[in-house]
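Here the structure is laid out as structure tokens; the discussion comes afterwards.
The values are calculated or read from the model by the stated rules, or taken from the named source; none is laboratory data. Nothing here was measured: the structure is a model prediction, and the numbers come from that model. No Cβ is skipped: glycine too gets one built from the backbone with ideal geometry, and neighbour counts run over all protein chains shown. Areas reflect the complete protein model, heavy atoms only, side chains present, ligands, DNA and RNA absent. Shrake-Rupley method; radii C 1.70, N 1.55, O 1.52, S 1.80 Å.
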Amino acid sequence: MSEKVLMKGNEAIAEAAIRANCKHFFGYPITPQNELPAYMARKLPKIDGGVFLQAESEVAASNMVYGAAGAGARVLTSSSSPGISLKAEGISYIAGAELPAVIVNIVRGGPGLGGIQPAQSDYFQATKGMAHGDFKLVVLAPSSVQEAVDLTMEAFDIADRYRNPVMVIGDGIIGQMMEPVEFKDIGADDLPEKDWITDGAKGREKNVINSLHLQPEDLEEHNWKLDRKYKEIKKNEVKYETENMEDAEIAIVAYGTTARIAKTAIKEARAEGIKVGLIRPITLFPFPEEVINQAADQVDSFLTVEMSTGQMVEDVRLAVNGKKPVEFYGRTGGMIPSPAEIVEQLKEVRG
């Protein structure tokens with residue numbers, strides 16, 4: 001355990017990746033995540049074997065990630081919303097080829113160029129396949145700089161364990177704010193050997209890494225193989241936090257920055273006699289369906305709060321499965337819900 005240091009979120013994520021033995025970064029600048037590649041540009045050339053490359057485009061960067069991952073390297077790319085859209089084709093190739101890689105999305109407002117203020121409007125993009133084909137990312141959603149550090153380091157282990165890309169998704173607040181953090185040694189000791197990599201075929205049969213399956217029977221078999229992997233991830237990797245749920249009559253469901261704001265709202269609401277608790281998904285995929293469904297047997301209603309026009313709320317409603325009403329409150333375009341606004345919504349939900 002190291003001493004705490006004060007760091008900006010983007011830079012803390014970059015340092016966490018380096019400490020997770022990531023020596024390769026390929027990316028392209030876009031606000032509000034630019035401090036992350038800038039940090040990598042300063043640090044990686046000083047590390048033995050370290051490579052930082054600002055690609056000519058986001059498309060090129062994602063394909064460089066493909067190549068490095070195929071050679072067995074721990075590799076990172078990062079961007080913000082429109083940049084992730086451009087990387088999506090390459091990310092589908094990475095997932096289809098079953099390559100481990102970590103992708104950071106510091107979300108900005110959209111659609112289009114939108115604005116550089118924080119948003120959560122990329123939830124659908126991150127969790128519903130992102131690009132063409134039947135594939136899934138593991139999606140981790142920190143709500144503090146410290147958690148961004150911890151989840152980034154863990155993301156590399158998850159990626160290696162399942163041979164699957166992992167996304168760490170935050171927003172402009174997570175990326176830009178400064179908080180004290182400490183860097184823990186959390187490397188896993190149960191990671192599989194990378195006997196599938198393309199390292200020159202010295203003394204063995206050559207490995208082929210590819211996502212192309214021209215025969216429909218072969219592609220179908222491959223897609224069902226991927227589906228079995230995603231089911232295994234659902235079984236093993238669900239992460240969530242609950243707070244004040246013991247006697248809650250209303251459950252707020254929120255993630256990331258919005259969950260932090262909701263915690264303040266819960267304190268204020270409870271001071272006014274409203275029994276409210278929080279369910280905070282930490283993994284957006286796999287989504288904590290079971291804990292939400294079980295909570296529906298206890299609470300009278302749910303309030304989903306997001307910095308969007310309503311995306312995660314659809315998964316909450318699916319998890320609740322009609323047992324109780326699920327209301328929604330959102331701010332969008334870079335606007336941030338306040339604790340007072342959430343309390344007012346709770347009063348309306350309570351009736």
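Brief remarks on what is shown
- Global size of the stretch 273-328 as Cα Rg and Dmax, reported in angstrom: 10.8, 34
- For the chain, a crude dipole built from +1 on the beta carbon of Lys and Arg and -1 on the beta carbon of Asp and Glu, taken about the Cα centre, is about 520 debye to the nearest 20.
- In whole angstrom, the stretch 1-82 maps to an equivalent ellipsoid with semi-axes of 20, 16, 10, each derived as √(5λ) from the alpha carbon gyration tensor and ordered largest first.
- Under the convention that each Lys and Arg Cβ holds +1 and each Asp and Glu Cβ holds -1, the size of the dipole of the stretch 1-102 around its Cα centre is about 300 debye.
- Helix 216-236 axis versus longest C-alpha principal axis of the chain: approximately 50°, rounded to the nearest ten.
- The stretch 184-239: Cα Rg divided by the 2.2 N^0.38 Å rule of thumb: 1.56
- Rounded percent of accessible protein surface that carbon and sulfur make up, the stretch 136-194, 1.4 Å probe: 49 percent
- Each principal axis of the Cα cloud of the stretch 161-316 was taken in turn, and the coordinate range along them, longest first, works out to 71, 41, 30 Å.
- Length-normalised contact order of the chain in % [C-alpha pairs under 8 Å, at least 6 apart]: 17 percent
- Cα-projected label distance for residue 128 with residue 46, points at 7 Å along beta-carbon direction, nm: 4.4 nm
- Principal semi-axes in Å for the stretch 212-257 [√(5λ), Cα gyration tensor, largest first]: 40, 11, 9
- When trypsin sites (Lys or Arg not before Pro) are flagged only if DSSP places them in a loop and at most 11 other Cβ atoms lie within 10 Å, the longest unflagged stretch of the chain comes out as 1-201.
- Probe 1.4 Å, protein heavy atoms only - accessible area per residue of the stretch 84-221 in square angstrom: 43 Å²
- Rg/Rh for the chain, where both radii come from Cα atoms and Rh is the Kirkwood radius: 0.98
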